[in-house]
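Here the structure is laid out as structure tokens; the discussion comes afterwards.
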Amino acid sequence: MGVFTLLGGDKLESREIPELSADVDSVAIYVVRHDWHVGIAVPVSKIDKRYLPERKDFPVAKFLEIGWGDARFYRAKEVTVSMALNALFRPTESIVHIAGFDRPVEKFFPNSGVYKIELSRPKFDEVSRFIHRSIERENLDIARNSGTGRYGKSFFYKGIGSYHLFRTCNTWAAQALHIGGIEISVSGTITAEGLATQIAEQAVILQERTTPESE
């Protein structure tokens, strides 16, 4: 499977997350829990264009939701068991999905769990830099999109890093949150449910995920 490396590591300190006072420049981010996957939504007005130049692809968006995952699995209209197993047990190419929208996050994703988390401005910038480092730009100022995304106005972009059992889309999201100062295990996060459970007490739960009757 090769060497497993996580940018930023998984070293956690035992500490409380201090509440941000009203006079601190804070930024709200949103964790969006879909069926099997977690994305991170951020307000466009707060993003430094140096960190996410791809915001130009979404000129009227108020929010961008970003996700990272297996290139083939993420783009598939129908997911098969063999596809899922291949993504987990063999290191595969990654892809980044960015969706832009102008409605409140919970309104754009009415069936998804939505968790609001306040970050200090410096921590938000660190998360933005992490997202920046997840996209392959091939020495260009802005990455070329590699096709239309899964919902709304969205695009795929070539990702950096391999996807496998120990670095899933949810591990990536956990890493971003850890960089933002949230107490969460990076390497111990594989599923969307596991991530949601860890952040529940550190977030404002705006909306619970709607579970389909078939589940």
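The values are calculated or read from the model by the stated rules, or taken from the named source; none is laboratory data. Remember, predicted model here, so these are calculated numbers, not experimental data. When we count neighbours, we look across all protein chains shown, and the Cβ atoms used for this are built from the backbone with ideal geometry, even at glycine.
Points worth noting:
- Scanning region 133-162 for residues that are over 19 Å from VAL32 (Cβ atoms), in contact with a Gly (Cβ under 8 Å, 6 or more places away or on another chain) and not small (Gly, Ala, Ser) turns up just one, GLU136.
- For region 198-215, the set of residues classified as modelled with pLDDT of 90 or more and either within 22 Å of LYS107 (Cα to Cα) or touching a His at 6+ places or on another chain (Cβ under 7 Å) (or both) consists of ILE199, ALA200, GLN202, ALA203, VAL204, ILE205, LEU206, GLN207, GLU208, ARG209, listed by residue number.
- GLU183 vs. criteria assigned to a loop (DSSP other than H, G, I, E, B), in contact with a Lys or Arg (Cβ under 8 Å, 6 or more places away or on another chain) and on the phi > 0 side of the Ramachandran plot: no
- Criterion violated by GLU201 - all others in (1) touching a residue at least 12 places away in the same chain (Cβ under 8 Å); (2) farther than 26 Å from LYS62 by Cβ satisfied: (1)
- If you go through region 89-132 and keep only what is of a type in the set (S, T, N, Q), assigned to a loop (DSSP other than H, G, I, E, B) and modelled with pLDDT under 95, you end up with nothing.
- Odd one out for SER146 among (1) part of a strand (DSSP E or B); (2) of a type in the set (S, T, N, Q); (3) under 16 Å from the mean Cα position of the chain (by Cα): (3)
- Selection of region 189-215 for residues being in a loop (DSSP other than H, G, I, E, B), over 12 Å from HIS37 (Cβ atoms) and over 16 Å from the mean Cα position of the chain (by Cα) yields GLU208, THR210, THR211, PRO212, GLU213, SER214, GLU215.
- On the stretch given as region 139-166, residues that are surrounded by 22 or more Cβ atoms within 10 Å (Cβ to Cβ) and at pLDDT below 90 total 1.
- Residue ID - nearest to PRO104 (Cα to Cα), chosen from residues in region 179-197 that are at pLDDT 95 or above and in contact with a strand residue (DSSP E or B) (Cβ under 6 Å, 6 or more places away or on another chain): ALA196
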